[in-house]
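The values are calculated or read from the model by the stated rules, or taken from the named source; none is laboratory data. Because the structure is predicted, anything quoted here is derived from the model rather than measured. Backbone-built Cβ (ideal geometry, glycine too); neighbour counts: all protein chains shown. Just the protein is used for accessible areas: all its heavy atoms, side chains included, with ligands, DNA and RNA removed. Shrake-Rupley method; radii C 1.70, N 1.55, O 1.52, S 1.80 Å.
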Amino acid sequence: MEFLCYHRDRAGSLALRQELLEEHWAYMDRYEAELIARGPTFDGGRLSGSLHIVDLPDPAAVRAFAFNEPGYQAGAYRDVLVRRWRNLLGRTMWDFPGGRAGGDRYLVLGFGSGPAADLTVPPERDELIAYGPLLSDDGTAWLGTALLVRASDPDSARALLTRERYADIEVHAWEFGGRR
């Protein structure tokens, strides 16, 4: 089962995050085979969070993954979003044809409102790094859509979702993460 985990930074936690960086990477190294995507997010040029999309056996396993992360344990994050996710591209970020560098990249989180939307991959597929619906733990209820995309600006990234079908859409600058 695929899951999205987004750890949002607690205000003033940058020094703690930096202190725990090697411990964080060592922890993530244990999940190397299960990672679909990972990396830090930024808002206004400031580190704002840490995204991980993983393929784990069940909701209990993903919660253990998210809440045993060293930064979470040390209090670096204000909250953690954990949602089941479906990988509509069928690849990892390391398979993205555009590679690790070049262009601006964004995490887009659309929080659903009403009937499911954006369940098919948009035509801009070549710029998509990851794309799929956010779902309830049992996979039956659509809760939104999450994607990683290379785009010219945040508005272009946001435009990939049908705005009126979401209660809220967040766009965060994002970078490829990890040691790879």
If you average the alpha carbon positions of the stretch 18-55 and of the stretch 141-180, how far apart do those two centres end up, in angstrom? 17 Å
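Quick check: residue separation of ASP58 and ASP155 times 0.36 nm, minus the Cα distance between them. What number comes out in nm?
So the chain would gain 31.5 nm between ASP58 and ASP155.
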Among ALA116, PRO70, GLY39, the residue whose Cα sits farthest towards the positive end of the charge dipole of the stretch 1-116, when +1 is placed on the Cβ of each Lys and Arg and -1 on the Cβ of each Asp and Glu, is ALA116
Rounded to whole Å and sorted largest first, what semi-axes of the equivalent ellipsoid does the C-alpha gyration tensor of the stretch 54-160 yield via the square root of 5 times each eigenvalue? 24, 18, 14
Might you work out the accessible area of GLU170 for me, using a 1.4 Å probe with all protein chains in place, and round it to the nearest 10 Å²? 40 Å²
Förster-model FRET efficiency, 22 Å R0, PHE67 and ALA116, C-beta, rounded to 0.05: 0.20
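Report, in debye and to the nearest 20, how large the dipole of the stretch 6-131 comes out about its Cα centre when Lys and Arg carry +1 and Asp and Glu carry -1 on their Cβ.
On the way: 15 positive and 18 negative charges, 60 e Å.
Result for the stretch 6-131 is approximately 300 debye, rounded to the nearest 20.
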Out of GLY178, SER156, TRP142 - ranked by how far each Cα lies towards the positive end of the dipole of the stretch 97-180, with unit charges on the beta-carbon of charged residues - the top one is GLY178
Mean accessible surface per residue for the chain, computed with a 1.4 Å probe while every protein chain stays in place, in Å²: 46 Å²
From the helices alone, meaning DSSP H stretches of at least four residues, give me the mean residue ellipticity at 222 nm for the chain, per-run term -39500 (n - 2.57), in deg cm²/dmol to the nearest 500. -4500 deg cm²/dmol
Pick from LEU148, LEU88, LEU128: which residue has the top mean-square fluctuation in a GNM of the chain where Cα pairs under 10 Å get a spring? LEU88
Accessible surface of the stretch 87-152, 1.4 Å probe, proportion on carbon and sulfur as whole %: 52 percent
If the viscosity is 1.306 mPa s and the temperature 10 °C, what translational diffusion coefficient in µm²/s does Stokes-Einstein give for the chain when Rh comes from Kirkwood over Cα pairs? 97 µm²/s
Inter-label distance, nm, simple model (7 Å from Cα along the C-beta direction), ARG78/ARG10: 1.2 nm
Accessible area of the stretch 39-85 belonging to carbon and sulfur atoms, whole % at 1.4 Å probe: 48 percent
What's the Cα-based Rg to Rh of the stretch 96-145, Rh via Kirkwood? 1.04
Could you check which residue among ALA74, ALA117, ALA146 shows the biggest mean-square fluctuation in a GNM of the chain with a 10 Å Cα cutoff? ALA74
